[in-house]
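Asks: Quick one: structure below, then a few questions.
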C-alpha cells in the first residue's frame, strides 16, 4: 500500500505540512477561513533536535499496536491497510497514545483520539502534506 | 552618521489572509520577517528584502507580495535614482560595486527584434508530431580530406567531437559560485538528456566523476582544481579566456564561500579569496593559446575536443579567426548579457557586446576566410527561450550554452544578490541549511522538463519552416527577418528587414 | 526591374529526361514532345534543356554557351578568354525565329581549351581552370554570362515554354545520348534568360522541381568554398553542392545522394556498426550540404544521369525503362507520350538515388 515516508535530509523545518494538514482536515474550502485566527492541531508534527528536522505522522504499521490496545474498537485497518479512526466509538482512554512508539496519535481537545488517515477521510483524497511539501521531504508512495 | 540607504523593495502583507504560519520567517535567510509574540502578528523589515520571492512562493494563503519601494527621488532621465544610490554606497565604503547575474540595463535585446519564417504553399511545412524532426548535433572540427582504404571504402575516422541530442548545453557555473546540489542536478539532467554540463572554474567534485561522459571540464586563468585526473575525466576541455559578464577580468569567489569541499575541489585554502588572474599568465598572445591548446591535447592523447571560451568584445571576429587556426575544436562566445556569481558592476554593465551581433560577425568572418569548418560555434549570454535558440542557430551557431535559464528552472528568481552567499533557493550559496533547500531530484527533473519542452518547441518551429534536420537551419539567415533595426544592425546580423522577400 | 540573382525566386516546375544506356545518340525531338505534355506545370517564364553527346567531333574541348545582353560585353569576353584559352572556333548558336520567343540576347558558343600556362597555374587540372573562368566572367564582365561549360554537352534555355524554347534552338537537329528538360513556374518575373533552367557547371547539369528550405545554409557553405551564387536559385546551389562533393571531395554520385538526402538518425541508429559509422561520418562531415525541403532533381553528367527525390518524397518523379532507353519525368503522362509501352515503370523513393551510366562510362 502507499504510505507517507519522510526524507529528513530534505526537510527544511518550514512547518508548511502542519498548516496544510490542518486545512485539509478543517472541512472548510477556503484556506484563509480554515486557518485564520485558529490554533491548529494537525496530524503531522515537525520535530527537531536542532540538527535533524522531520515531520512525524502515523506510520500505518503492518502490526499496529494502537489497534491491539484500543478497548472500544475505534481503531481499525481498512481494506487498503490504512489504520483509520472512528471517533464516534472512541471513549478517550488514551491507551493508543501510550503504546504508539512514534507518538503519532493524540487525544484532541474534543476528548477523542485523532491521527493521520492519509487524507482518505477528507475531500483531498491524497495526503496534502506530501503534495505541498516544497522540497520533496514528504512522499506518498509504495515501497 | 546619516543612513542614505533606500530600501529598493517593500514587503506588502495582506493581514486578512495571513494565518501566522511563520513559513516566511523560517525561510528568509535575510531575516526580513518575524512573529511579534506580544502583538500576535508578523512584522516585516523591508530594508533587508532582496525580492528573491521565496516567501511569496511558499506562503500558503498567498498573503505576501514584494513591490518596488514607491519612495522616489525626483525623476531625472539622466541622473536616475540608481546612480545616486550607487554613489552613496561608494562614498560610504570606498569600495568597488559588486553585482551578480547578467547585465540588467536597457541596452537593445536583438533576439526580440528578430522574427522567424514559416513555409506556405511553395514548400510545405512539416508536422513534427507525425514526421521525423531531428535535433541531433555534433560539435567538433570537420576533417579536411576524405580518406579511402584499399577497397575504396571511406575511412570513417573523425576528429574528437561531442554528440548532443539537442543543440543546448549547460553553461559553466563553478562549484563555489553555485552549490553542490545545483551541480548534482545539472550533471544528472545532462546525462538524462544526452547533453553536457560544464564544471566552471571550481574544479570537479569527486562525487561527480561518474558523470564524466557528460562533463566539460574548464581550465580558467586561476587553474583551480586542474590536475591530471580532472582533464582525463572530461568529455571535453574548455579553456576559459573570458566570460561575457566581465570581459577582461577573471572570476571572483569571496573567501566566505571557500569552505569545506569547495576549498578541497579548488585546491586552495579555506577562507582565502579566489580571485582569478585577469589573463592566463601563460597566454599573452594567440601563439601562446595555440601552445596551451596543444599541451592539453598532448596531456589527453588527442582524444578530447578542446573548447576555447571568449567574451564577446569589439574585435571578437578577429579573435575567433585566430582561435579557429589555433587547433581548438570549438569556440564558445559569451555575450555581454551573460550571468555571473559576482562581478564589478561597472564592468558587467558597460563592457562587451551583444551575442547576436558577435555571432553574426564571427560566423560571417570565419566563412569569408574559409575556416568555418575548422570549429563549431557555441554561443551564450543570454539565451532565454527556445525561440532564442532557433534564432541563434539561424544566425550561424552550432549550439548554445544556457546558464541563467538553468538556474531559473531550478528556482532562481534573479534577485541578483548571489554575491552575499545567502541564496534562499539553495543555488548560489554554500551554507548547508540553505543548500538543503535545493533537492537535486526535484531540480534535475525541472531541468529535464524545461529542455524537453524547449526541444519540442524547436521541432515545432523547424517543422513550420519546412526543415526536418537541424543542420539545415545552421547559418540559414534567410529564415530570419529584423524588425525595427537600422541598416547597420541588419548588415552585421546579415539578415533582411521584415517585408523584404 | 531587378534581375534574377538580385532577389530569390521560388518556383514550381516540370522536369523530364531521356537517356540511352548504350550511349547511342538520338534526336532531341522526343524530349520536346515529352516536356510539352506538362505545359500546365509551367507558366511560360522559363524553359530549357541539357543535351549530352551533341558535339562528338569536338568532344575534348569545352563548349562555352554564352549570353551577351550588352553588345560591348562580347569584345571584353573574347579578349579575356583569349588570354587563358586556345579558341578552336566560335559561332552564333543557330536558332529558329518563332513568335513565342522574344527579346533574345546574343547567344554564341565557343569551343575552347585552357592554355598550358593556365593549367600549370591552377595545378589541379583543366576543370579547375574552367571553374574559375565561369565565375570570373559571370561576376566581373557585365553583360556576359556563361550558361554552359561542359565537354561534348550543352545547355539551351530561354524565357518561354520549354517546347517553344526547344523549337527555337532547333533541338530536333541535335543528336545526343542524354537530354534533360525543365519548364518553370516562377512566382516572380525573372526578366532575363540566364535565370532559366537547367543550371550547369562543367559537365554537370541539374533540372529541379521543388523549393528547398535549407537554401541559405547551403548557399553560405558553398560561397565559402569559392562558388558564387549569382542567381540565388535552388538549382544553382544544388549544382554547386554536387560539383563540390564529386569533383573536389571525390565522392561518387551515390555517396553524394547520401549526403544531400541523408537518411534519418532513427534509421542510421538501427544500421550495422560499419554502415552506421559510414552514414554518421557523411552526415557529420557534410552537414552543411544536407538539403531539406521538397525536391526532385535529374542530374546529367558526362556518361550518365541520376534522379533523386527528397527524403520525405514531397515531389513526383516517375522512371520507365524500355530496351536501351530510360525515361524520367515529373508525370507518367510525359513518359507515355514518347514511350507508350515500356518494360517497367516505377516511382523514385524518397532519398534513394537512381543512377544510370553508359556502359563503361565514368563513375
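No lab work stands behind these numbers, since they all come straight from the coordinates. The structure displayed is predicted, hence computed values, not measured ones. Cβ atoms come from the backbone with ideal geometry, glycine included; neighbour counts cover every protein chain shown.
Asks: What FRET efficiency comes out for the pair residue A:37/residue A:122, r = Cβ-Cβ distance, R0 = 30 Å, nearest 0.05?
Replies: Working: r = 21 Å, r/R0 = 0.71.
In this case the efficiency is close to 0.90.
Asks: Would you kindly work out the equivalent ellipsoid of the range A:61-115 from its C-alpha gyration tensor and give its semi-axes, the square roots of five times the eigenvalues, largest first in whole Å?
Replies: Semi-axes, largest first: 16, 13, 10 Å.
Asks: Go ahead and estimate [θ] at 222 nm for chain C from helices alone: -39,500 (n - 2.57) per DSSP H run with n ≥ 4, summed, over the residue count, rounded to 500.
Replies: Working: 11 runs with 103 residues, N = 363.
Taking each H run of at least 4 residues, the total per residue is -8000 deg cm²/dmol.
Asks: Here is a follow-up. Considering Cα pairs under 8 angstrom that are at least six residues apart, work out the relative contact order of chain B and quote it in whole percent. Please list the in-between numbers first.
Replies: Details: 1053 pairs, mean separation 95.0, N = 501.
Averaging sequence separation for qualifying contacts and normalising by length gives 19 percent for chain B.
Asks: Can you work out D for the range B:427-501 in µm² s⁻¹ from Stokes-Einstein, where Rh is the Kirkwood radius over C-alpha pairs, the temperature is 20 °C and the viscosity is 1.002 mPa s?
Replies: Values: Rh = 16.1 Å.
Reported coefficient: 133 µm²/s.
Asks: For chain B, what is Rg from Cα atoms divided by 2.2 N^0.38 Å, rounded to two decimals?
Replies: Values: Rg = 24.0 Å, N = 501, 2.2 N^0.38 = 23.4 Å.
Normalised Cα radius of gyration, chain B: 1.03.
Asks: Specify the angular offset, from 0 to 90 degrees and rounded to the nearest 10, of the alpha carbon long axis of helix B:286-299 from the longest principal axis of the alpha carbons in chain B.
Replies: With both axes taken from Cα atoms, the answer is about 80 degrees.
Asks: Assuming a ≥ b ≥ c are the square roots of the Cα gyration tensor eigenvalues, decide whether chain C counts as rounded (a/c under 1.5), prolate (otherwise, with a/b larger than b/c) or oblate. Walk me through the numbers on the way to the answer.
Replies: Values: a/c = 1.44, a/b = 1.17, b/c = 1.22.
Rounded is the answer for chain C, as its axis ratio a/c remains below 1.5.
Asks: What are the extents of the Cα atoms of the range C:317-363 along their three principal axes, listed from largest to smallest and rounded to whole Å?
Replies: Here the Cα extents, ordered largest to smallest, are 31, 25, 14 Å.
Asks: A follow-up question, please. I'd like the FRET efficiency for residue A:110 and residue B:452, computed as 1/(1 + (r/R0)^6) with the beta carbon distance as r and R0 of 35 Å, rounded to 0.05. Please list the in-between numbers first.
Replies: Working: r = 49 Å, r/R0 = 1.41.
Taking R0 as 35 Å, the efficiency between residue A:110 and residue B:452 is 0.10.
Asks: From other protein chains only, count the Cβ atoms within 10 Å of every residue's Cβ in B:16-25, then give the mean. All intermediate terms of the calculation are to be shown ahead of the outcome.
Replies: Details: counts 2, 5, 3, 12, 6, 9, 4, 7, 1, 2.
Per-residue shielding by partner chains comes out at 5.
Asks: Can I ask one more? On the principal axes of its Cα set, how long, how wide and how thick is the protein assembly as shown? Give whole Å, largest value first.
Replies: The principal-axis extents, from largest down, are 116, 70, 60 Å.
Asks: Taking only the alpha carbons of the range B:1-126, what extent do you get along each of the three principal axes, in Å, biggest first?
Replies: 76, 42, 26
Asks: Cα centroids of the range B:254-284 and the range B:161-235: how far apart, whole angstrom?
Replies: Here the two parts' Cα centres lie 17 Å apart.
Asks: Turning to a different aspect of this structure: How would you classify the range A:39-143 from its alpha-carbon gyration tensor, with a ≥ b ≥ c the square roots of the eigenvalues: rounded for a/c under 1.5, else prolate if a/b is greater than b/c, otherwise oblate? Don't skip to the answer; put the middle values down first.
Replies: Working: a/c = 1.65, a/b = 1.40, b/c = 1.18.
Cα axes put the range A:39-143 in the prolate bin.
Asks: Would you give the gap between the C-alpha center of the range A:75-143 and the C-alpha center of the range B:455-470, rounded to a whole Å?
Replies: 51
Asks: Taking 7 Å along the Cα-to-C-beta vector as the label spot, tell me the residue B:121-residue C:275 distance in nanometres, rounded to one decimal.
Replies: The two pseudo-label positions are separated by 4.2 nm.
Asks: Continuing with this model, one more query. What is the mean number of Cβ atoms from other protein chains located within 10 Å of the Cβ atom of each residue in peptide B:364-377, rounded to a whole number? List each step's numbers first, then the result.
Replies: Details: counts 1, 0, 1, 5, 2, 1, 4, 1, 4, 6, 0, 0, 0, 0.
Mean partner-chain Cβ count within 10 Å for B:364-377: 2.
Asks: In degrees between 0 and 90, to the nearest 10, how far off the longest principal axis of chain B does helix B:180-193 point, with axes built from Cα atoms?
Replies: Compared with the principal axis, the helix lies near 40 degrees.
Asks: Comparing A:66, A:93, A:11, which has the greatest mean-square fluctuation in the GNM of chain A with Cα pairs linked when under 10 Å apart?
Replies: Result for chain A, Cα springs under 10 Å: A:93 fluctuates most.
Asks: Now, a different point. For residue B:210 and residue B:267, FRET efficiency with R0 = 22 Å and r from the beta-carbon atoms, rounded to 0.05?
Replies: Details: r = 21 Å, r/R0 = 0.94.
Computed FRET efficiency for residue B:267 and residue B:210: 0.60.
Asks: Another one. Is the shape of the range C:280-321 best called rounded, prolate or oblate, per the rule: a/c under 1.5 gives rounded, else a/b larger than b/c gives prolate, else oblate, with a ≥ b ≥ c the square roots of the Cα gyration tensor eigenvalues?
Replies: Since a/c reaches 1.5 but b/c is at least a/b, the shape of the range C:280-321 is classed as oblate.
Asks: Take every residue in peptide C:257-264, count the Cβ atoms of other chains within 10 Å of its Cβ, and give the average of those counts. Could you put the intermediate results ahead of the total?
Replies: Numbers: counts 0, 0, 0, 0, 0, 3, 1, 7.
Mean inter-chain Cβ contacts per residue within 10 Å come to 1.
Asks: Further, regarding this structure: Under 10 Å, Cα contacts only: if you run a Gaussian network model on chain C, which one of C:32, C:155, C:212 comes out with the highest mean-square fluctuation?
Replies: C:212
Asks: Sort B:418-428, B:267-277 for me by packing, meaning the mean count of neighbouring Cβ atoms within 10 Å per residue, highest on top. Please report the intermediate quantities before stating the final value.
Replies: Numbers: B:418-428: 23.9, B:267-277: 14.5.
Packing order, densest peptide first, comes out as B:418-428, B:267-277.
Asks: Further question: According to a simple spin-label model (label point 7 Å from Cα along Cα-to-Cβ), what is the distance in nm between residue B:70 and residue A:72?
Replies: Each label point is offset 7 Å from its Cα along the Cβ direction, giving 5.7 nm.
Asks: Taking the alpha-carbon centroid of each part, what is the distance from the range C:288-363 to the range C:67-104 in angstrom?
Replies: 33
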